[in-house]
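The structure under discussion appears below in the form of structure tokens.
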Protein chains: 2
Amino acid sequence: MSDRNLSQLDRALFGLRSLIMNGEFSSGQRLSEVAVAKMLGTSRTPLRQAMDRLVAEGLLVRIETGGCRVATFTRADIADAIEIRGVIEGTAARMAAQRGVSTELLTQIADTLDGIDRAINDPGGINFDCYVKRNAEFHALLAKCSGSDLIRSEIERVSLLPLASPSAFLIEQAAIPDFLDSLRYAQRQHRAILEAITNRECARAEALVREHARLALINFNYLTDDQPTLVNNVPGLTLVASK
Amino acid sequence: MSDRNLSQLDRALFGLRSLIMNGEFSSGQRLSEVAVAKMLGTSRTPLRQAMDRLVAEGLLVRIETGGCRVATFTRADIADAIEIRGVIEGTAARMAAQRGVSTELLTQIADTLDGIDRAINDPGGINFDCYVKRNAEFHALLAKCSGSDLIRSEIERVSLLPLASPSAFLIEQAAIPDFLDSLRYAQRQHRAILEAITNRECARAEALVREHARLALINFNYLTDDQPTLVNNVPGLTLVASK
DNA sequence: CTGGTCAAACATGTATACAATAAACGCAAG
DNA sequence: CTTGCGTTTATTGTATACATGTTTGACCAG
């Protein structure tokens, strides 16, 4: 049903990205077009396009002599990617505060944050799926607040950088006390960000969002240092050089 | 000689980009693959890849029903693109100041800035080509100072956004008094940036670079508002919606 | 046994053919 | 005269064949 009205290119793109993120290839491995094409049940032409896109995303790197290989990331790369996302999202927040945001949008954000509260405080235990969904929604709305399509698309782009996405380290299995604390802290930041934007406090909004992005880095360090058993549950983490 | 050891893809990429930037197509025009392929003397396959890249760069936009068209930019888009470049370059400068930069690299930057001084103060009048070249060199070195390949490639990427490049509005014909002032001012900023990085003044370095990027915006406004006759000398400016 | 060179297999870059789909045009009906 | 529909045209998406260049493996020489 999901494959029906998808182009071959989309199938190849999603398929290959998922193969890579799930660690089906060893990091640094060279990918043969014919082999992967057969694997994905498509021809070389759309696969090639998909590979081009993944090169642009940074998941693959081109080889000078031709072809591409799976990218390898250092811990510094992950930190830098998160930093860049924070900086651009911070710019979005600053612009939002500077230019002002419509009441509808502000209300929409407030509603989203209410949803996060409900997800966290669910009497039957935290509703993780809902949290992740609402969190992504918050970040999307934040990008929209900037009022700039260019900013929005840059945030989208930079969130594709491996493990830079706001949801990169939010995994079901991580519903352990330490993480719950982290989620509550993040939610207070969300509220503060909304307040800063509402009050047109540019500098505060930018600083808050930058700090907020650092949570991803904290989660990354926590996962790799203290919860190495969970590493395989985080898509893409197999691409990080183990030091 | 330049075409010899270039792949068809590169030829198509450079060729098409140059056609678009030089305003050979009207902004918003849909591009027929066969027509453009014939125009560039290549087949559809490499042209298609080139188009994909230009879509990623933002110079073309995909049409839902298939194919692509030349992008159109508003003045707000240009301003946003410049802002984003400033923010990321600013991050590079902050990181450089934070982490410290090798003496060789600092010396290299100082040499480049000396070169700019010589270009500006040339007894035979300003040496524009040299200025542009050295200016690009300075920005490349700044990116390198961050010590992060990811940051470097992101700066490169964002400088491809139409008219966001540090050299976008530096054109020979603009060697008029107002612009010369602007170049001298820019050079003082260059020196200040180098000083801030050398002294490890993170916040100052970031703020200076952000402010420095705004020069591009000033030049953009000056060109479009006060020197409309020069508009056709700036590659890519024809893509900006004339209001 | 090791290093180098040659050859064969293979992978990629490019061109092109074909099919499906969207755009354009004309014609007819209201 | 305008609007809607059907047909034709043209354009894109996909597959595949071919040629060039790279990698790999084997064999020979030192």
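All of the numbers you see were taken from the coordinates with simple rules; none came from a lab. From a predicted model like this one, the values you see are computed outputs, not experimental measurements. Note that we place each Cβ from the backbone using ideal geometry, even for glycine, and neighbour counts take in every protein chain shown.
Side notes on the structure shown:
- Across segment A:221-233, rounded Karplus estimates of 3J(HN,Hα) from the backbone phi angles (6.51 cos²θ - 1.76 cosθ + 1.60, θ = phi - 60°) give 5, 4, 4, 6, 8, 9, 10, x, 5, 8, 3, 6, 8 Hz, Gly and Pro being marked x.
- Teacher prompt: A:I176 distances to equivalent labels in other copies, 7 Å Cα→Cβ, nm: 6.7
- Ratio Rg/Rh [Cα only; Rh per Kirkwood] for segment B:92-192: 0.99
- For segment A:185-198, putting each phi into the Karplus relation 6.51 cos²θ - 1.76 cosθ + 1.60 with θ = phi - 60° gives couplings of 4, 4, 5, 5, 5, 3, 4, 5, 5, 4, 4, 4, 5, 4 Hz, in residue order, rounded to whole numbers and with x for Gly and Pro.
- For the protein assembly as shown, the number of Lys pairs separated by eight or more positions or lying on different chains, with C-alpha atoms closer than 26 Å, is 4.
- Projecting 7 Å from Cα along the Cα-to-Cβ direction, the label point of A:G66 sits 3.0 nm from its equivalents in the other copies, listed shortest first.
- Peptide A:42-49 shows a mean partner chain C-beta count of 1 within 10 Å per residue C-beta.
- Translational D in µm²/s for segment A:4-47 (Stokes-Einstein at 20 °C, 1.002 mPa s, Kirkwood Rh from C-alpha pairs): 200
- Label-point spacing for A:D149 across the identical copies (point 7 Å from Cα in the Cβ direction), in nm and ascending order: 3.4.
- 222 nm mean residue ellipticity, helices alone, for chain B (DSSP H n ≥ 4; -39,500 (n - 2.57); rounded to 500): -21500 deg cm²/dmol
- 3J(HN,Hα) along segment B:116-132: 5, 4, 4, 5, 5, 9, 4, x, x, x, 4, 8, 5, 3, 5, 4, 4 Hz, from the Karplus curve 6.51 cos²θ - 1.76 cosθ + 1.60 with θ = phi - 60°, whole Hz, x for Gly and Pro.
- Between segment B:84-133 and segment A:3-51, the Cα center-to-center distance that results, in Å: 42
- Convex hull projection area averaged over all views, chain A, Cα basis, nm²: 14.7
- The convex hull defined by the C-alpha atoms of the protein assembly as shown has an orientation-averaged projected area of 25.8 nm².
- Inter-chain Cβ neighbour count for A:76-83, averaged per residue, equals 4 (cutoff 10 Å, partner chain atoms only).
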